[in-house]
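S.K.: Quick one: the structure is below, questions incoming.
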Amino acid sequence: MTALTKLFRTTTFRLSLTYLALFSAAAILAIAYIYWNTTVLLSRQLNQTIDAELKGLAEQYRAGGLEQLVRIVAERSQTPGNSLYLVANSEGHRLAGNLSAVAPDLWNSLGPVEFYYRRPAAAGVERRLAFANVFRLPSGYRLIVGRDIEDRRELASMVRSAMLWGLGVMALFGIGGGYWVSRKLLARIDTLAATTRTIMAGDLAGRLPVTGSGDELDRLSDSLNLMLARIEQLMAGLREVSDNIAHDLKTPLNRLRNRVEAALREPYGEPVYREALERTIEEADGLIKTFNALLSIARIEAGAGGQNRELLDVSALLCDVAELYEPVAEERGLMLKAEANGPVFVRADRQLLGQAIANLIDNAIKYGTAEGADGTGAKPEVEVTATEKGGVAEIVVTDRGPGVPVSDRERVLDRFVRLEASRSEPGSGLGLSLVAAVARLHGGSLRLEDNAPGLRVVLALPSGSGATMNGVTAREQARAETRSA
């Protein structure tokens, strides 16, 4: 396809031609309408003028006969202007008037008629167009009264010429403008296409050019650039996830295989095999747990989870989960404390929200400071609270551990990210990723803040206190249950 053919096939050029055709048609109709109305008006005025003059001359004829008519016509013929007169006998000889000769067609006509006549001019004799009314008198005499309309004919010719020239110039500018605009647009489209081909070739850092004009192509480029940035971020995350999977899943698989090989090398004995199988099952359970967490995150981010949403009290759910983790905290030398100032309602999936709270408490216990580590000998606290602020329910979990640096607080929410370089603590680095996915699914957010010392994790969800159950709001129902208790 040649460049010119490619240009002519652009939508911009076709739209330019379409608009040109529509505008030309509208202009032709408008000019034709104005010209037709002007012609009709001038013709009507001309007919009325000639008819009025004929009536006046007819009265003169009735009053004084042919002699008076000839005298009046002779007087009027001396007045300069476009008026034309002729009184002639039956042989066509002029008795009075400023028409020197009459064609046979005009002589034999009756009523309104257009004709050409000749009159002296500076360059000799010129031929001009006239309109007249032929009136027959007794004894074969003729009375012709008319007007010179050559100027009107020249005006009509000028209008037609101007219309043709105007349409020609309009077509020239329209086609030229469409060609210029199409070339500019096609150049931008080619640039965008070249950039997209570069991106498809693997350069995810490429971005579509933005001219700064704010037009529709710039808005489209901005949207696509945001999409490309998100894709680049996801691909980088995928590469990081792949690296972490290779580290976090390959290591336990190697341990599992080495353990089985070691058991096979040992002398035959049931205790040795039993111990090897038990530890193999533990490793397999850990791998299954990791895969289950990955599947849960994928399902949640795909919007497949959370169908079983209900209006539930976060305070009660939080206390139930904290009660399950109290023995684990005791083993770590920590004190787990759960507080709730009254019911806090949200509309959420109970199982997903319970798993998210469990992950937060598990992380706080896992990385919290052990008993006596602060030099005081007192048990450090892991505190879990639920509050409602401005239509937002906040579940806050705090610990007194090493915390998370500000620079890593966004990164730690990604999959398989673990700040513990040695990875001696059990886990897969998916806990906070699952909590963040649950928060996004319910229209909330997850924030990591400084607890000075330690970490403060805030899971914020839209409050459901104003929701109704059987015509009664959740808060009113909770108050009624408290009074009845």
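S.K.: Can you list the residues, at least 5 places off or on another chain, whose amide H is less than 5 Å from the amide H of residue 345, using H built in the peptide plane?
M.R.: 314, 464, 465
S.K.: Give me, ordered by chain and number, the residues 5 or more places off residue 84 or on other chains with an amide H under 5 Å from its own placed amide H.
M.R.: 146, 147, 148
S.K.: Continuing with this model, one more query. For the pair residue 410 and residue 200, how long in nm is the line joining their label points, each one 7 Å along Cα→Cβ?
M.R.: 3.1
S.K.: Sticking with this one: Figure the gain on full extension for residue 129 and residue 277 (residue separation times 0.36 nm, minus the Cα-Cα span) and round it to one decimal in nm. Kindly include the intermediate steps, with their values, before the conclusion.
M.R.: On the way: separation 148, 0.36 × 148 = 53.28 nm, distance 12.08 nm.
This chain segment gains 41.2 nm when fully extended.
S.K.: Mind checking the full-extension length gain between residue 30 and residue 122? Use 0.36 nm per residue of separation minus the Cα-Cα distance, one decimal, nm.
M.R.: Residue separation times 0.36 nm, minus the Cα-Cα distance, leaves 29.3 nm.
S.K.: Mind checking which aspartates and glutamates have their Cα closer than 15 Å to the Cα of residue 289? Skip sequence neighbours fewer than 8 apart in that chain.
M.R.: 248, 362
S.K.: So what are the ³J(HN,Hα) numbers for the stretch 218-226, from phi and the Karplus equation (6.51, -1.76, 1.60; θ = phi - 60°), rounded to whole Hz, Gly and Pro as x?
M.R.: In residue order, the calculated couplings are 5, 5, 5, 5, 4, 5, 5, 5, 5 Hz.
S.K.: Length gain on complete extension for the stretch residue 311 to residue 59, per 0.36 nm per residue less the alpha carbon to alpha carbon distance?
M.R.: Separation in residues times 0.36 nm, less the Cα-Cα distance, equals 80.1 nm.
S.K.: Which of rounded, prolate or oblate describes the stretch 12-157 when judged by the alpha-carbon gyration tensor and an a/c cut-off of 1.5?
M.R.: The shape class here is prolate.
S.K.: From the phi angles alone, apply the Karplus equation (6.51, -1.76, 1.60; θ = phi - 60°) to the stretch 355-361 and give each ³J(HN,Hα) in whole Hz, x where the residue is Gly or Pro.
M.R.: Along the stretch 355-361, the couplings run 5, 5, 4, 4, 5, 5, 5 Hz.
S.K.: On to the next question. Cα to Cα, under 14 Å, and not fewer than 8 places away if on the same chain: which aspartates and glutamates meet these conditions relative to residue 250?
M.R.: Output for residue 250: 283.
S.K.: Could you list which residues have their amide H under 5 Å from that of residue 393, counting only those 5 or more apart in sequence or on another chain, with H placed in the peptide plane?
M.R.: The answer is 461, 463.
S.K.: Once you put a point 7 Å from the Cα of residue 211 and another 7 Å from the Cα of residue 191, both along the Cβ direction, what distance in nm separates them?
M.R.: Going from the residue 211 label point to the residue 191 one covers 0.7 nm.
The numbers here are math on the coordinates, done by the rules we state, and not lab data. Bear in mind that the values here come from a model prediction, so they are computed numbers and not experimental data. Neighbour counts are summed over all protein chains in view; Cβ atoms, including those assigned to glycine, are modelled from backbone coordinates with ideal geometry.
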